[in-house]
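The values are calculated or read from the model by the stated rules, or taken from the named source; none is laboratory data. Keep in mind that this is a model prediction, so the values were computed, not measured. Don't worry about glycine lacking a Cβ; one is built from the backbone with ideal geometry, like all the others, and counts go over all protein chains shown.
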Amino acid sequence: MPFSTSDLTLLRLRCDSCRQYTEKLVTLLVRKDTIPCSFCGTQINLKTPHNTVLIKQTAEACAKIGEALAQVVS
């Protein structure tokens with residue numbers, strides 16, 4: 001999936017273990033299955049139905065924004 005300057009979007013995911021939020025760049029999340037919680041270190045599963053949809057929709061929105069920005073610049 002192509003990204004642009006809009007790939008600096010942070011996505012907040014909640015840890016099931018400690019209930020705290022971990023923020024990561026969308027571009028990192030689309031390529032991983034899990035990420036460690038920033039607070040307790042427990043692996044956050046990115047392949048749950050909820051997280052999969054959240055990451056996919058956010059990445060698609062970033063791609064659309066990138067395309068629109070590219071058209072404005074050119």
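Please verify whether VAL53 is modelled with pLDDT of 95 or more and surrounded by fewer than 12 Cβ atoms within 10 Å (Cβ to Cβ), treating the condition exactly as stated.
Yes; evaluated as a whole, the condition is true for this residue.
Residue check, LEU69 against (1) outside any loop (DSSP other than H, G, I, E, B); (2) within 12 Å of ARG14 (Cα to Cα); (3) not aromatic (Phe, Trp, Tyr), all met but one. Which one?
(2)
Working carefully through the options THR58, THR48, THR42, find the one that is among the β-branched types (Val, Ile, Thr) and closer than 12 Å to THR22 by Cβ.
Result of the check over THR58, THR48, THR42: THR42.
Can you work out which of the residues in the stretch 24-54 that are β-branched (Val, Ile, Thr), under 14 Å from LEU11 (Cβ atoms) and in a strand (DSSP E or B) is farthest from the chain's Cα centre (by Cα)?
Here the residue is ILE44.
Go through the stretch 19-35 and give me each residue that's touching a helix residue (DSSP H, G or I) at 6+ places or on another chain (Cβ under 8 Å) and at pLDDT below 95.
Passing the criteria: LEU25, VAL26, THR27, LEU29, VAL30.
Could you list, in sequence order, the residues of the stretch 55-66 that are touching a helix residue (DSSP H, G or I) at 6+ places or on another chain (Cβ under 7 Å) and within 17 Å of ARG14 (Cα to Cα)?
Answer for the stretch 55-66, where residues must be touching a helix residue (DSSP H, G or I) at 6+ places or on another chain (Cβ under 7 Å) and within 17 Å of ARG14 (Cα to Cα): ILE55, THR58.
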